[in-house]
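Peer 1: Please see the structure below; I have some questions.
Taken together, the values in this text are just the output of simple stated rules run on the coordinates, not laboratory data. The structure presented is a predicted model; accordingly, all values stated were derived computationally and were not measured. Backbone-built Cβ (ideal geometry, glycine too); neighbour counts: all protein chains shown.
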Amino acid sequence: MKNNSKLKMIFILTILLFLYTTICAFTYAQNVSNNISNSVFRLHVIANSNSDEDQNLKYKVRDRLIQYMNSMLSSTSTKQDAINIANSHLEEFKQVALKVVQEEGFEYDVKVSVGNFEFPTKEYGDITLPAGYYDALKVEIGQAEGKNWWFVMFPPLCFVDVTSGVVPEKSKSELKNNLSDEEFALVSNNKNNGILFKFKILEFFNNNGFITAKK
């Protein structure tokens, strides 16, 4: 009887410890995910299809938009400023993208909007943003059924080579100023084992839908 009571107690304590650990991990992941997503404003470009022609067009639209945005957002000091600028220039962004589409001989329409969208884990040079929901400027080309391309408008994580470059120190400094030391360590690629484990926790809750979009 005593042995059964001890086993029952151990079982209960184990379950309670598991629940406590899960709740703590979820709370941590939710808070960190919200803080990181609240610190950046992203650009999301979606190709018409996955054909080589449509994917090449997507990158040309991307390049022209980045060029246009860099001059417009160069003096932006807060994420909200970047969102306000984007909202007030939606038609201009559309016209920039449409001009590229037409120059390349296509007749696709372009849809541009600002909202809160789901993103996968994405590397930007030596910065990695975890999966989650982020405020972003979305540019949809044609049927928007092709592969996506992601970029960070604020802080401007722009590179000489957008596919493999290193984030400028100024951009990392702006990002760091909006995050806690631990949160910045989470998105930096020089993670130690402890930080890497926490990043995996963050990915797990985001990738499995436990952390949902902002309302």
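Peer 1: Going highest first, how would you order 117-126, 34-43 by mean Cβ packing within 10 Å?
Peer 2: Put in order of decreasing packing, that is 34-43, 117-126.
Peer 1: Then there is this: For the range 41-177, just the Cα set please: Rg and Dmax, both in angstrom.
Peer 2: Using the Cα atoms of the range 41-177, the pair Rg, Dmax is 14.3, 44 Å.
Peer 1: Starting with the fewest neighbours, write out 14, 76 ranked by other beta-carbon atoms found within 10 Å of each beta-carbon.
Peer 2: Working: 14 10, 76 20.
By the 10 Å Cβ count, ascending, the order reads 14, 76.
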